[in-house]
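Structure, as structure tokens:
The values are calculated or read from the model by the stated rules, or taken from the named source; none is laboratory data. Keep in mind it's a predicted model, so treat the numbers as computed, not measured. Note: ideal-geometry Cβ built from the backbone for every residue, glycine included; neighbour counts use all protein chains shown.
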Amino acid sequence: MIIQKDFLNRLKDFGLNTYESKLWVALLSRGVSTAGELSDISNVPRSRAYDVLESLEKKGFIIVKVGKPIKYLAVPPSEVVERVKKKVVEEADQRHKILSQLKDSDVLDELNTLHTEGVKMIDPTDKSGAFRGREKAYEHITTMIKNAKKSVVLMTSKEGVDRKYDLLNNHFKKAAKSGVDIRIAVPNNANKETISNLSKLGSKVHTIKNITNNARFCIVDGKDLLLFLTDDQKVHKSYDCAVWVEAPHFVDYFQSLFDKEWNEKQ
């Protein structure tokens, strides 16, 4: 049985590996079959077929038929989807409980102590990193803002305003309530509703006529800088790139650039 590779790859969404996908599709096409028959039509080695079928049975994709020789029945795909959804939710709930318990555990205290002591030994020039992909960069911006003590300055693009509001609105709100001074510079063609919503969170938002070369960066407490190196209008989010440094003297330049644009507006 010839199965398109693209089709098999899509079955990974069900949590199946290649052999599992091939045997499940083969069984779906037959309704009921033996391991030997399924091995022959799916091109899965017979030495692996029984183990893989056992795995599919445990996952709820197939049923083992009573009798000899051992045969297998396919579970309807619609039912499989419901089972997979249920399993994902159960696993997520279990992991959430474990992580919630870790928050107040001795293990986390020990890990934090190790990190605190380790940071003291880091040379200042080593406090830097690179991020490929907008999601990774945004994860680090989120961490920076969550750890802000005094100030956050953010310069972003027209499209970036909406993305950052969706991602960071709760963190901006918490930071503002903690007394963190938040200033956000956006292009004058940015979404007015988003600007208004950001202002309601306790942020100061100014529209800038010509943000320098579509600059996008975030500075926290005058020492942490995350700078995007690409133009978000010309690059896919997967290839968006950014660098992070913790270097007060270097960050001063970008802070002065921001302050200049900000004060000219005022």
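From the set of residues in segment 113-167 that are over 24 Å from ARG183 (Cα atoms) and part of a loop (DSSP other than H, G, I, E, B), which is modelled with the highest pLDDT? My answer is GLY133. Which of the residues that make up segment 31-44 are of a type outside the set (Asp, Glu) and either over 39 Å from the mean Cα position of the chain (by Cα) or part of a loop (DSSP other than H, G, I, E, B) (or both)? Within segment 31-44, GLY31, VAL32, SER33, THR34, ALA35, GLY36, ASN43, VAL44 meet the criteria.
If you filter segment 223-263 down to residues that are of a type in the set (S, T, N, Q) and in contact (Cβ under 8 Å) with a residue 24 or more places away in the chain, you find that the one that is farthest from PHE131 (Cα to Cα) is GLN255.
All conditions but one from (1) under 19 Å from ASN263 (Cα atoms); (2) among the charged types (D, E, K, R); (3) surrounded by 14 or more Cβ atoms within 10 Å (Cβ to Cβ) apply to ASP224; the one that does not is (1). Pairing residues of segment 81-103 that are in contact (Cβ under 8 Å) with a residue 60 or more places away in the chain with residues that are in a helix (DSSP H, G or I) and surrounded by fewer than 11 Cβ atoms within 10 Å (Cβ to Cβ), at Cβ distances under 9 Å and at least 6 apart in sequence or on separate chains, gives VAL84/ASP13.
Entry remark, segment 147-173: residues being closer than 25 Å to ASP252 by Cα, surrounded by fewer than 16 Cβ atoms within 10 Å (Cβ to Cβ) and charged (D, E, K, R) number 2 in total. Within segment 202-250, the only residue that satisfies the criterion of being modelled with pLDDT of 85 or more, in a helix (DSSP H, G or I) and touching a Lys or Arg at 6+ places or on another chain (Cβ under 6 Å) is LYS237. Based on what the data block shows, is LYS164 of a type outside the set (Ser, Thr, Tyr) and in contact with a Gly (Cβ under 8 Å, 6 or more places away or on another chain)? No: the conditions fail for LYS164. The number of residues in segment 168-188 being part of a loop (DSSP other than H, G, I, E, B) and not polar (S, T, N, Q) comes to 2. Return yes or no: is GLU135 closer than 18 Å to GLN233 by Cα, exposed (fewer than 15 other Cβ atoms within 10 Å of the Cβ) and among the acidic types (Asp, Glu)? Considered against the rule, which asks whether it is closer than 18 Å to GLN233 by Cα, exposed (fewer than 15 other Cβ atoms within 10 Å of the Cβ) and among the acidic types (Asp, Glu), GLU135 comes out as yes.
The residue that is surrounded by the fewest Cβ atoms within 10 Å (Cβ to Cβ), among those in segment 189-201 that are part of a helix (DSSP H, G or I) and hydrophobic (A, V, I, L, M, F, W, C), is ILE195. Outside any helix (DSSP H, G or I) and closer than 20 Å to ALA26 by Cα, is that true of VAL64? For VAL64, the condition - outside any helix (DSSP H, G or I) and closer than 20 Å to ALA26 by Cα - is met. Among the residues of segment 82-91, not a single one is loosely packed, with under 10 Cβ neighbours inside 10 Å and either closer than 16 Å to GLY15 by Cβ or not assigned by TED's automatic domain parsing to the domain that holds ARG30 (or both). In segment 156-185, the residues that are farther than 21 Å from LYS237 by Cβ and in the same structural domain as ILE208 (by TED's automatic domain parsing) form Cβ pairs under 7 Å with partners that are part of a helix (DSSP H, G or I) and small (Gly, Ala, Ser), at six or more places apart or across chains, as follows: ILE182/ALA175; ILE182/ALA176.
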